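Here is the structure we will look at.
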Amino acid sequence: MNYGITVAAILTLAIYSFLYKDNPFYKAAEHILLGVSVGYFVAVTVSTTLIPKLFIPIFSEGKLSYIIPGILGMVMFLRFSKKLSPYSRIPLSIIIGVGAGVSIPAMMQAQIIAQMKATMLPINSLSNIIIIVAVLSVLIYFYFSQPHKGAIGVGAKIGIYFLMIFFGSTFGYTVMARISLLIGRLQFLLGDWLGFID
Amino acid sequence: MHRKLPLLICFALGTFMLVQFFVPHKASTALYEAILDWVQIIYAFSLLVGAMMLIKHHAVIASGRDAKERPFSILILMGITVMLVAGLFFGRGEGTVFHWLFQNVQAPMQATMFSLLSFFVASAAYRGFRARNSQAIFLLVAAIIVMLGRIPVGEIISSYIPKAADWILNVPSMAARRGIYIGIALGTIATSLRVILGIERTYLGGK
């Protein structure tokens, strides 16, 4: 007997019991998932980041400069002390500052320039014309420094229609993804666990 | 001092990381990569702080008098402990306890949680998908065509439905998404500049 399949099936049914109403079985499964997920991420973070990037460089390779990020990381734990918690802002400001500095050129390159480049299409097909009109009209819609009146108002209104198509198609795509997951779980329960289907 | 020093560090590092992009010198690139390495380490510690806060919160409940909530907090603490001990001391490869727990507890439960949302999405669609005006009709038609285009029934009804679904996803929907992405990028750049210049300082907490 495969105990793993039985455990997975019982936990799956416990989560689906929420469709009836909130109950202790669902709450238990929900809390197990939270605990296991946190344990998973901590174990993976320690083994893939802290051990190879901090402990091995310091203790095996003798790179003592890595003690500095180690100490800064430990300073984060001062959050738990009422008196010393302001010092935990120092490592936080390093993460925020570096993140902000890195994101400006990254966003400029990966989003703005790349997206604009992809929109500069030859006007030789209906699809290309629609793409150009849609990008421009959606950008006009998000331009709030001018009131949406006159030509800007018309552009913004066209933008709303394209946004509606985007929201509708994204919704449809998400629904289908969720339903395929549901089919997968039902196949698991009826096939792998109970053996009713192949 | 408690607020000025973090703001100064944020400004100095943010400016350096921004300017470095335009200075492809060997020394500056080496420093840039070293800082990125260091930030990864500090970031890993911040995840540990988050986990510690969760453990602290549930340890208080587990040792408290609320008999209704106590068993659930104990379950969370057990889940964290078992997964941590298994992952850190007994390996993470195939055939290990960690791998077994991931395959038979975490992965199926995550998939089930996401699949559960299909019921709520369907109920939300029933309540929200009313063709009240022309904009709502566009949303409704796009959603129906994309949903039908992804299943065999769509192909049976008409061979044009899957093609129409692909066209909607690749042309108007993709173009609107492109506009949104450009907007997000401009917003991110504006917020990053505010953070570097110390105008946006909510991450420091307090008033």
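The values are calculated or read from the model by the stated rules, or taken from the named source; none is laboratory data. As the structure is a prediction and not an experimental result, all values here were calculated from the model. Reconstructed Cβ throughout: ideal geometry from the backbone, glycine too, with neighbour counts over all protein chains shown. Calculation scope for accessible area: heavy atoms of the full protein, side chains included, ligands and nucleic acids excluded. Shrake-Rupley method; radii C 1.70, N 1.55, O 1.52, S 1.80 Å.
Tabulated values for the structure
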{"item": "Criterion (in contact with a Lys or Arg (Cβ under 6 Å, 6 or more places away or on another chain), under 28 Å from A:Gln109 (Cβ atoms) and of a type in the set (A, V, I, L, M)) met by exactly one of B:Ile35, B:Ile41", "result": "B:Ile41"}
{"item": "Residue within segment A:145-168 that is at pLDDT 95 or above, closer than 30 Å to B:Thr188 by Cβ and in contact with a Lys or Arg (Cβ under 9 Å, 6 or more places away or on another chain) present", "result": "yes"}
{"item": "Matching helices (runs of 4 or more DSSP H) fully within segment B:31-142 where at least 2 residues are in contact with a Pro (Cβ under 6 Å, 6 or more places away or on another chain), surrounded by 15 or more Cβ atoms within 10 Å (Cβ to Cβ) and at the interface with another protein chain (Cβ under 9 Å from one of its Cβ atoms)", "result": "none"}
{"item": "Hey, A:Tyr26 more than 29 Å from the chain's Cα centre (by Cα), assigned to a helix (DSSP H, G or I) and either of a type outside the set (A, V, I, L, M) or under 27 Å from B:Ile9 (Cβ atoms) (or both) or not", "result": "no"}
{"item": "Subset of segment B:143-180 (residues that are β-branched (Val, Ile, Thr), assigned to a loop (DSSP other than H, G, I, E, B) and open to solvent by less than 50 Å² (accessible area, probe 1.4 Å))", "result": "B:Val171"}
{"item": "Residue check, B:Leu139 touching a Gly at 6+ places or on another chain (Cβ under 7 Å) and modelled with pLDDT under 95", "result": "yes"}
{"item": "Failed condition for A:Leu194, given (1) at the interface with chain B (Cβ under 9 Å from one of its Cβ atoms); (2) at pLDDT below 95", "result": "(1)"}
{"item": "Residue in segment A:64-71 that is free of Cβ contacts under 8 Å to residues at least 12 places away in the same chain, open to solvent by less than 40 Å² (accessible area, probe 1.4 Å) and assigned to a helix (DSSP H, G or I) present", "result": "no"}
{"item": "Verdict on A:Ala156 being more than 7 Å from chain B (Cβ to nearest Cβ), touching a Phe, Trp or Tyr at 6+ places or on another chain (Cβ under 7 Å) and either more than 28 Å from B:Gly128 (Cα to Cα) or not hydroxyl-bearing (Ser, Thr, Tyr) (or both)", "result": "yes"}
{"item": "Tally of residues being surrounded by fewer than 18 Cβ atoms within 10 Å (Cβ to Cβ) and free of Cβ contacts under 8 Å to residues at least 24 places away in the same chain across segment A:5-17", "result": "3"}
{"item": "Tally, over segment A:144-185, of residues that are part of a helix (DSSP H, G or I) and open to solvent by 80 Å² or more (accessible area, probe 1.4 Å)", "result": "6"}
{"item": "Scope segment B:157-206; condition charged (D, E, K, R) and more than 16 Å from A:Thr170 (Cβ to Cβ); matching residues", "result": "B:Lys163, B:Arg194, B:Glu200, B:Arg201"}
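Per-residue answers, yes or no, for (1) closer than 30 Å to B:Ala12 by Cα; (2) at the interface with another protein chain (Cβ under 7 Å from one of its Cβ atoms):
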position: B:Tyr160; (1), (2): no, no
position: B:Pro172; (1), (2): no, yes
position: B:Gly183; (1), (2): yes, yes
position: B:Tyr203; (1), (2): yes, yes
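Condition check ((1) more than 8 Å from chain B (Cβ to nearest Cβ); (2) among the small types (Gly, Ala, Ser)) across all residues:
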site	(1), (2)
A:Pro24	yes, no
A:Gly35	no, yes
A:Ala43	no, yes
A:Lys53	no, no
A:Pro57	yes, no
A:Gly73	no, yes
